[in-house]
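Since the structure comes first, as structure tokens, the remarks are kept for the end.
The values are calculated or read from the model by the stated rules, or taken from the named source; none is laboratory data. Quantities reported herein were computed from a predicted structural model and do not represent experimental measurements. As a convention, Cβ positions derive from the backbone with ideal geometry for all residues, glycine included, and neighbour counts pool all protein chains shown.
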Amino acid sequence: MTIPVEQLADPVVRAFVTALNANDKDAFFGLLTPDATMSDDGTERNLRVWTEREVFSSNGRMEVEDETDGGRTLVATYTNDTWGSMRTAWRFTVEGDKVARFETGQATP
């Protein structure tokens, strides 16, 4: 069962998921602090290079299954045209109305 994006608890995370699913680079990057960072499966990544490859050029999208920590931790089915679908975990650090960091990777069963 998925949680509709508009029902996600944290407004910044909700906007992040909305921009990602819409493939809207301007909105997506507008939600990040200038020095935002990210990791994928525990490895630090260049945020712009990673999102271009894993999100924007490959039609990335996420369907949220569960949220905890006030909406700042998600479990979602993440799908893109390169890798197909996988169950993923996302953790967000929000500062004000921006995402300062996100960590993603495969979710444990």
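Side notes on the structure shown:
- Residue match in segment 99-106 (condition: touching a residue at least 60 places away in the same chain (Cβ under 8 Å) and over 23 Å from Gly30 (Cβ atoms)): yes
- Among the residues of segment 1-30, those that are assigned to a loop (DSSP other than H, G, I, E, B) and either touching a Lys or Arg at 6+ places or on another chain (Cβ under 6 Å) or loosely packed, with under 11 Cβ neighbours inside 10 Å (or both) comprise Met1, Pro4, Leu8, Asp10.
- Considering residues of segment 74-88 that are within 13 Å of the chain's Cα centre (by Cα) and more than 14 Å from Glu52 (Cα to Cα) only, the residue surrounded by the fewest Cβ atoms within 10 Å (Cβ to Cβ): Arg87
- Residues of segment 69-79 that turn out to be part of a strand (DSSP E or B) and either at pLDDT below 95 or of a type in the set (D, E, K, R) (or both), as a count: 0
- Test: residue in segment 33-48 that is in contact with a strand residue (DSSP E or B) (Cβ under 7 Å, 6 or more places away or on another chain), over 14 Å from Glu103 (Cβ atoms) and not in a loop (DSSP other than H, G, I, E, B): yes
- Every residue from segment 56-68 that is free of Cβ contacts under 8 Å to residues at least 12 places away in the same chain and not in a strand (DSSP E or B): Ser57
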